[in-house]
């Protein structure tokens, strides 16, 4: 006969000023890239831990959340006085790997423009796939999960809460995903700008042209005669002919017929 350990469910201690999820109900993660990341959690989590993790995230039980190269650290308040230490590790890409990614990204200025608008390009995963890398973790084997709580389940509710808040951090700033993989915002943008400026003008996506300072004398000069288009000639009474029947009479005559001589006169004046 097997014996299953049973522990009574405990309530976490309340936290003042904790990191609360912006989502108060339903799914957490508003953008496609944060939802893509949460797929990993949902693929490895089972049972009620996912629901309890969402509750922890929404109650503000996470005291701190920090994203660094290859490692996310957090403090999560549980039922004990001492908060639990949470660590989520992932392989950070090296300089040569990032150089390959930046080389592909530099081929099109749209990538940098999208990121600066807080939008993750829709084909960003293809960029990483092209150099044999994966931006998002594809499974549990790519992650190192650790929590100081006594729960033997992985992921525990403290890890799950950290995952959900991490997804919302990705919602707010997609550069956090790159930071986790080893490249922060400033360095990534600087490397993209340097890579684009080093490429020959003929290879860039934007057409080459003279500098504005070299053509100020002729910039506002008309470059060619613009042919003015003439509007089609219509009868001066055409508007009256399009009016619906108006049940209004002026001195025994319909309104349209009363106005027609005046509109005929407009046409005569124009000619």
Discussion item. Suppose we filter segment 128-145 for residues that are assigned to a strand (DSSP E or B) and exposed (fewer than 15 other Cβ atoms within 10 Å of the Cβ); how many remain?
Written reply: 1
Discussion item. Can you confirm whether residue 105 is more than 12 Å from residue 33 (Cβ to Cβ) and in contact (Cβ under 8 Å) with a residue 24 or more places away in the chain?
Written reply: yes
Worksheet item: Has segment 256-270 got any residue that is assigned to a helix (DSSP H, G or I), at pLDDT below 65 and within 30 Å of residue 116 (Cβ to Cβ)?
Response: no
Worksheet item: Can you name the residue in segment 222-255 that is in a strand (DSSP E or B) and out of contact with any helix residue (DSSP H, G or I) (no Cβ under 6 Å at 6 or more places or on another chain) and is also modelled with the lowest pLDDT among such residues?
Response: 249
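Within segment 92-105, which residues are touching a strand residue (DSSP E or B) at 6+ places or on another chain (Cβ under 9 Å) and surrounded by 17 or more Cβ atoms within 10 Å (Cβ to Cβ)? Can you show your working first?
Step one: list which residues in segment 92-105 are touching a strand residue (DSSP E or B) at 6+ places or on another chain (Cβ under 9 Å), which gives 92.
Answer for segment 92-105, where residues must be touching a strand residue (DSSP E or B) at 6+ places or on another chain (Cβ under 9 Å) and surrounded by 17 or more Cβ atoms within 10 Å (Cβ to Cβ): there is none.
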Fill in: Residue satisfying all of: in segment 93-110; at pLDDT 95 or above and part of a loop (DSSP other than H, G, I, E, B); nearest to the chain's Cα centre (by Cα) among these
93
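Taking the options 198, 193, 169, name whichever one is under 30 Å from residue 22 (Cβ atoms) and at pLDDT 65 or above. So that I can check it myself, show each step before the final result.
Values: 198 fails: under 30 Å from residue 22 (Cβ atoms); 193 fails: under 30 Å from residue 22 (Cβ atoms).
So the residue among 198, 193, 169 that is under 30 Å from residue 22 (Cβ atoms) and at pLDDT 65 or above is 169.
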Worksheet, complete the sentence: Flagged in segment 180-190 as buried (at least 19 other Cβ atoms within 10 Å of the Cβ) and closer than 16 Å to residue 116 by Cα, in numbering order, are 183, 188
Worksheet item: Is there a residue being under 22 Å from residue 184 (Cβ atoms) and surrounded by fewer than 17 Cβ atoms within 10 Å (Cβ to Cβ) anywhere in segment 42-64?
Response: yes
Worksheet item: If you go through segment 24-57, how many residues are touching a helix residue (DSSP H, G or I) at 6+ places or on another chain (Cβ under 7 Å), more than 23 Å from residue 84 (Cα to Cα) and modelled with pLDDT under 85?
Response: 2
Response to the item:
Counting only residues in segment 115-127 that are at pLDDT below 90 and part of a helix (DSSP H, G or I), the one farthest from residue 175 (Cα to Cα) is identified as 116
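The values are calculated or read from the model by the stated rules, or taken from the named source; none is laboratory data. The structure displayed is predicted, hence computed values, not measured ones. With ideal geometry, Cβ positions are generated from the backbone for all residues, glycine too; neighbour counts draw on all protein chains shown.
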